[in-house]
Amino acid sequence: MIQLTEAATLTVQDGIGIISINNPPVNALGYPVRKGIADGIDQAVKDSQVKAIVIICEGRTFCAGADIREFGQPPKEPGLGEVLEILDASPKPTIAAIHGTAFGGGLETALSCHFRIGVPTAQFGLPEVKLGLLPGAGGTQRLPRVVGPEKALQMIAIGDPIGATEALAVGLIDEIVDGDLKAAAIAFAGKVLAENRPLVKVSANNQKVEAARGKSEIFDTFRKSIARKARGFVAPENCIKAVEGSVNLPFKEGLKRERELFMELMNGHQSAAQRYAFFAERQVSKIPDIPKDTPQLDVKKVGIIGAGTMGGGIAMNFVNAGYTVTLVETKQDFLDRGLGVIRKNYEITASKGKMTTADVEKRMSLITGTLSLEDLADVDLVIEAVFEDMPLKKEIFGKLDRICKKDAILATNTSYLDVNEIAAVTGRPEFVLGLHFFSPANVMRLLEIVRGAKTSKTVLATALTIGKKIKKVAVVVGVCHGFAGNRMFSQRKNEMDQVILEGASPEQVDKVVYDFGFPMGPFVLSDLIGLDLGWKKETSSSSSVRDILCESGRMGQKNGRGYYLYEAGNRAPIPDPEVKQMIDDFAAKQGYKKRAVSDDEIVKRCVYPLINEGAKILEEGIAVRPSDLDIIWINGYGWPVYLGGPMFYADLIGLDKVLATLKEYEAKLGSHWKPAALIEKLVSEGKGFKDLN
Ligand code: 3H9
C-alpha cells in the first residue's frame with residue numbers, strides 16, 4: 001500500500017489499482033484528496049502491473065464535493081479541474097465505486113472516470129446551486145453529455161439528487177452492485193478488461209449535447225418552469241447558461257464558460273450568504289454546555305394534546321419518523337375532524353405519487369385518538385398544542401405531571417407564553433421545555449426548542465435528537481415573550497403597521513418586502529393568517545387599523561375582505577380604496593401627516609427592527625449565536641437565504657451604517673429605535689455579528 005497523502009492510498013490487488021480516499025467526515029475534496037487522486041492516477045498509470053483503476057472512499061460516503069471551507073482561501077494546486085483532466089486522460093480504465101453521496105465535485109470526479117458503479121442506496125447530485133454556485137469542475141459540461149441537457153438542467157439548476165435506480169436508468173451509472181463495494185468494483189474492473197470495453201471518455205461524448213443544439217426552447221421552457229422558485233437567486237440562471245454552453249460550445253470552450261460563470265457566483269454575496277447558511281444550519285445543534293456525549297432519554301411514544309391545525313401537523317412529523325402517537329382531544333368530533341385532516345393530507349400526498357396507499361394506512365395506524373389525558377400514562381414525550389391560554393396550559397401540565405411516567409418529557413408548543421411559569425406547576429421542571437413548531441407544522445422546517453430555567457441537559461439533548469429525527473432545523477432559545485423568532489417578528493410588525501399610517505400603502509409595503517425576497521409582504525400575510533387571530537370583538541377598542549378592519553367585518557382571506565379584497569376561489573389580493581380611506585382617516589385622527597415613504601425607507605424599517613431586536617436577544621443570552629437567529633428567519637419566516645438572515649445582512653451592509661440609521665430613526669421616530677448596546681459595542685470594537693458566531 002502506498003500512502004499518497006494523509007487522505008489517500010493506492011493499493012494494487014489482482015491487477016487493479018485502488019485509490020482509496022479517507023477524509024472524514026464526508027471525504028470533501030480538500031487538498032490532500034485532490035493531490036492523492038492526481039498522484040494515485042499518475043502512479044497507477046506508470047505501474048505496468050495495474051490494468052485498471054478504481055476510486056473508492058472510506059467511511060460513510062463517497063465524496064460530498066469540494067471542501068466548502070476552502071472557498072475564499074488562496075487556491076492550493078492542484079485544483080479540482082486539473083485533477084479531473086488527469087483522470088480524464090487516463091489511458092487505463094477508471095471506475096468510480098460509489099456509496100453514500102456523490103455530490104458536487106464528488107460527482108464531477110465520478111463523471112471524469114470511464115465507468116461508474118453504485119450501491120442501491122447511493123445518491124448522485126450536483127447541489128452547488130443550493131450554495132449559490134454552479135458545478136465548477138466540469139459538471140455542467142460532462143453531466144449533459146451523459147444524461148442529456150434536460151435532465152442535467154434539473155440536476156444542476158435545481159440541485160436535487162437522484163437515487164441509484166434513476167441514475168442507472170438515465171445512464172449516469174453503469175451498474176448497481178450489492179454486497180462489498182470494493183470487491184464489486186474489482187469484479188467490475190475485471191469485466192471491463194475481459195470484455196476489452198472501450199474507455200468511455202465523457203468529455204468526448206457529444207451525441208446528446210449535439211442533438212440539443214439549436215433547440216433553445218429546451219432552455220426557455222426550463223427557465224419558465226423554475227421562475228417562481230428561483231426568484232431573486234442568481235445561481236440558477238448561471239447554471240442554465242453553463243448547460244447552454246455545453247450544448248453550443250466544444251468541450252474545452254464550455255469549460256471556460258463554466259469557469260467564468262462559476263467565478264461570477266463565487267465572488268458575489270449570494271453564494272457567501274448561502275455557504276454561511278449551510279454551516280450555520282449545522283452549527284445550531286452545537287450548544288456550548290451540552291457536550292455530544294450528554295446522556296439522553298429514549299423516546300418512542302409521543303402524546304400530543306390538541307388535534308387542531310397545529311397538533312395535527314405536529315403529529316404528522318412524528319408519525320413520518322416512525323414514532324407512535326396518542327392524539328388527545330376534548331370532544332369526539334374535534335378528534336374525528338383532526339384525524340380526518342391528517343388522513344386527507346396523506347391521501348393528497350399519495351395522489352401525487354409521493355407515497356402509496358399502504359403507506360397512508362401504515363402512518364394512520366401509528367396514531368391513536370383518545371379523549372382521555374389518562375391515556376398518556378406511558379408516553380415518553382408529551383407536546384401540548386392547545387390555544388394560548390396560560391390558566392388552561394397550567395391546568396393541563398398539572399394533570400400531566402400526575403398522569404405521565406416520572407421521566408416523561410413535557411413540552412408546550414406555546415408561541416409566546418412563559419415556559420418557566422408552566423414548568424413551575426409541575427414537580428419536574430427539569431423535564432419541561434418548549435417545542436415551538438411553526439405553522440403548517442408538517443411543512444415548516446423550523447423548530448424552536450425553548451430551554452426553561454430548569455430544563456435538564458439530558459432533556460435538551462434529547463429534544464435536539466428528536467428535532468433531527470423529525471427532520472426539523474431545531475434551534476435552542478431561551479424564555480422571553482415570543483422567544484427569538486416571534487419576538488423579532490413583533491418588532492417588524494409594529495413598524496410596518498406604523499409605516500402605513502405615515503403614508504405608505506399596504507400595497508407599496510407588500511411589494512417592497514416581496515421584492516426584498518420574502519415570500520409575501522406583511523399585510524398579505526396578515527390577511528392569510530386571519531386578522532381576527534387573537535382579536536376579540538368584546539375588547540376591541542378601534543385603537544389600531546387591525547381593530548378597525550376587524551370591527552367592520554374584515555377578517556382577511558377567509559371572508560374575502562381584509563387589507564385587500566379577494567375574489568372567491570382566488571388568493572390574489574386586490575387593493576381596496578375603502579381600506580385606504582379607513583387607514584387615512586385613522587392616521588389623521590392619530591395626528592399623522594401623510595408623506596411619501598420611499599421604498600428604501602420601507603426596507604430599512606422592515607429589516608432593521610429585526611437586527612436591533614436580534615442583538616437584544618443575543619445580549620440577554622436568549623439565543624446562542626447570531627447565526628442561530630439567521631437560521632430561524634430563513635426557516636421560519638421566509639427570509640431569502642441568498643441574503644443570509646438579518647444578522648448576516650447587517651454585517652453585509654456594515655454594522656456601523658446600521659447603527660447610524662438606528663440612531664437617526666431613534667431621533668425621528670422614537671425610543672423604540674434605540675440601538676441595542678451590543679451593536680454599539682461591536683461597532684466601537686470594529687467588529688460585526690460574524691465575530692460572535
Ligand atoms: C463543489 O463541489 C464545487 C465544485 O463543483 C467545484 C469546485 C471547483 N465541505 O450535513 P452533515 C461537513 S461545492 C466541507 O451534518 P449529513 C458539515 O459541515 C460542494 N465540509 O451530514 C458537517 O461538519 P460538522 C458541493 C462539509 O450526513 C459534516 O461535514 N457539495 C461538506 O447530514 C457532516 O455534514 C455539497 O453541496 C463540504 N462539501 O449530510 C454537499 N459537506 O460535523 C454538501 C459536509 O463539523 N453536503 N461537510 O458540522 C451535504 O449536502 C451533506 O453534508 C451530506 C451529508 C449529504 C454530504
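What to note about this one:
- Some residue of the range 246-260 being in contact with a Cys (Cβ under 9 Å, 6 or more places away or on another chain), part of a helix (DSSP H, G or I) and not assigned by TED's automatic domain parsing to the domain that holds Ala110: no
Table: residues versus (1) surrounded by 24 or more Cβ atoms within 10 Å (Cβ to Cβ); (2) part of a loop (DSSP other than H, G, I, E, B); (3) out of contact with any Gly (no Cβ under 6 Å at 6 or more places or on another chain); (4) among the polar types (S, T, N, Q).
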| position | (1), (2), (3), (4) |
| --- | --- |
| Ala66 | yes, yes, no, no |
| Gln73 | no, yes, yes, yes |
| Val83 | yes, no, yes, no |
| Ile86 | no, no, yes, no |
| Glu108 | yes, no, no, no |
| Ile117 | yes, no, yes, no |
| Pro120 | no, yes, yes, no |
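- The residue of the range 26-57 that is surrounded by the most Cβ atoms within 10 Å (Cβ to Cβ), among those that are in a loop (DSSP other than H, G, I, E, B) and within 15 Å of the ligand (Cβ to nearest atom), is Leu29.
- Listing of helices (runs of 4 or more DSSP H) fully contained in the range 136-214 that carry 1 or more residues being over 32 Å from the mean Cα position of the chain (by Cα) and crowded, with 19+ Cβ neighbours inside 10 Å: 181-194, 207-212
- Taking the range 289-392 as the region of interest, the helices (runs of 4 or more DSSP H) fully inside it that hold 1 or more residues being in contact (Cβ under 8 Å) with a residue 60 or more places away in the chain and either assigned by TED's automatic domain parsing to the domain that holds Ile403 or open to solvent by less than 50 Å² (accessible area, probe 1.4 Å) (or both) are 309-320, 332-351.
- For the range 65-80, the set of residues classified as over 30 Å from Gly15 (Cβ atoms) and either modelled with pLDDT of 95 or more or near the ligand (Cβ under 10 Å from one of its atoms) (or both) consists of Gly65, Ala66, Asp67, Ile68, Arg69, Glu70, Phe71, Pro75, Gly79, listed by residue number.
- Checklist (1) surrounded by fewer than 18 Cβ atoms within 10 Å (Cβ to Cβ); (2) in contact (Cβ under 8 Å) with a residue 60 or more places away in the chain; (3) among the hydroxyl-bearing types (Ser, Thr, Tyr) applied to Ser285, failing item: (1)
- Within the range 234-249, one or more residues are over 30 Å from Lys201 (Cα atoms) and touching a residue at least 60 places away in the same chain (Cβ under 8 Å).
- Enumeration of residues in the range 109-166 that are farther than 14 Å from Glu258 by Cβ, within 11 Å of the ligand (Cβ to nearest atom) and not charged (D, E, K, R): Thr109, Gln123, Gly125, Pro127, Leu131, Gly132, Gly159, Pro161
- Out of Ser542, Ser505, sole residue that is without any contact (Cβ under 8 Å) to a residue 60 or more places away in the chain, not assigned by TED's automatic domain parsing to the domain that holds Tyr608 and not basic (Lys, Arg): Ser542
The values are calculated or read from the model by the stated rules, or taken from the named source; none is laboratory data. Here the structure is a predicted model, which means the values were calculated and not measured. With ideal geometry, Cβ positions are generated from the backbone for all residues, glycine too; neighbour counts draw on all protein chains shown. Surface accessibility is based on the protein's heavy atoms, side chains included, excluding ligands, DNA and RNA. Shrake-Rupley method; radii C 1.70, N 1.55, O 1.52, S 1.80 Å.
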